[in-house]
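For reference, the structure is listed below as structure tokens.
Quick note: the coordinates plus some simple rules give every number you see, no bench work behind them. Predicted model, so just to flag it, every value in this text is computed and none were measured. Positions of Cβ are backbone-derived with ideal geometry, glycine not excepted, and every protein chain shown enters the neighbour counts.
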Amino acid sequence: MLIQLLISLLLGTLAGTITGLIPGIHINLIGALLVSLSSSVFNNILPIYLIVFIASMAITHTFLDFIPSIFLGCPDTDTELSTLPGHELLKKGQGYQAIILTAYGSLAAIFIIILISFPSILIIKKTYSIIQKLIPFLLILISIFLIFSEKKKFSALIVFLLTGILGFSVLNLELKQPLLPLLTGLFGSSMLIITIKNKTQIPPQKIEKPKTKITKPLIASLISAPLCSFLPGLGSGQAAIIGSTILNKDNKKQFLILLGATNTLVMGFSFISLYTINKTRTGAAKAIQEIFPIIQLKTLILLLIIIFLSGIISFYLTIKIAKFFSLKIHKTNYTFLSILTLLILIIVVYSVSGASGLIILVISTITGIYSISTGVRRTNMMGSLLLPTIIFYLRIF
């Protein structure tokens, strides 16, 4: 059984590497596919092996998905905030450092999850029933905080409401995987089109270890990530913005550490939330719940072991792959690479969500380009998820 568990872990790590590096291929899609096949194709495979595969894939993804975000300007919903500081460092020849900083944050998050997992379980059990009643009001307060932390508050409000209305409309359509075209357009293709238009040139990258303090960003992530991991509609982007109030806003390197840490912490804590309150806050946790409706303590302990092992492996994988990209990126035609990435996204959206998905992709891309042009943080576009969630919990409709 140990051999099978190790094979599941390694296969999950490989899958997480693929989903992390290829724009538009998210772990949610792979998780949903596994669940749909678990009762047929994978009927003879023990559910525990599928759980190990999903958990290791999810953790690996949180390490690797910063590479396309920073090198290609094509983030997913967990890494959208890394594009601006990461891309700025890339254009200065420090793209390798940017990736390594996020990897430092993710690696530290692995140890944090292991250390505070069981204290967190006790705290969540005692407070969740109270917090659950306050969820819509907490989401409103956090949304207000995100908007008022901007210099251009009115522009941030417009972006939040505009994307929120778009998100509410899309999520009420009968469409397969509606979030794929919505979030791909807002955070992926919009940035790629701007990159193509500007004909961005990438200089040779320096292979140097970054030098910066990690204590502050880790404390900031530890404060914000657990909250966002068991509140609906909130992810690592919001956790990073909340945590960034502790940091010097001009310190891009510390912010990238914060992003890496919150990305992995939110994923790790979503498994803890699944065990503690039987609620899913990530696609990976949802897939595990579909396979194992009730998570027992021994399963949680196994998940923590998988988180630790896959995290260590993923850290070294990230370093190796980041170095490879750094040595090659300035030799490639960056405009052509951006066009190719955009075409891949279009194909993925059409394959998953059909012609209707392409229409949504176009609309959300235009919305994303407008939002970026306002000069506010792109996390305000997460109104596309926050506003529908607030409306749902307030029972307005």
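Karplus-derived 3J(HN,Hα) values for region 379-395, using 6.51 cos²θ - 1.76 cosθ + 1.60 with θ = phi - 60°, are 5, 5, 6, 6, x, 4, 9, 5, 4, x, 5, 4, 4, 4, 6, 7, 6 Hz; glycine and proline are entered as x. Treating each Cα of region 2-394 as one equal point scatterer and applying the Debye formula with no solvent, the log10 of I(q)/I(0) at q = 0.13, 0.14 Å⁻¹ comes out as -1.07, -1.27. Every Cα-Cα pair in region 290-333 was counted, and those over 12 Å apart are 71% of them. Seen from every direction in turn and averaged, the convex hull around the alpha carbons of region 342-397 projects onto 5.2 nm². The modelled label-to-label distance between Lys199 and Phe118, using points 7 Å beyond Cα along the C-beta direction, is 6.2 nm.
Stokes-Einstein diffusion for region 145-184 at 10 °C, viscosity 1.306 mPa s, with a Kirkwood radius from C-alpha pairs, works out to 141 µm²/s. Each label was represented as a point 7 Å from its Cα along the Cα-to-Cβ direction; for Lys176 and Ile7 these points are 3.0 nm apart. Within region 291-397, list the trypsin sites (Lys or Arg not before Pro) lying in a DSSP loop whose Cβ has at most 11 other Cβ atoms in a 10 Å radius. Within region 291-397, the qualifying trypsin sites (Lys or Arg not before Pro) (loop, at most 11 other Cβ atoms within 10 Å) are Arg395.
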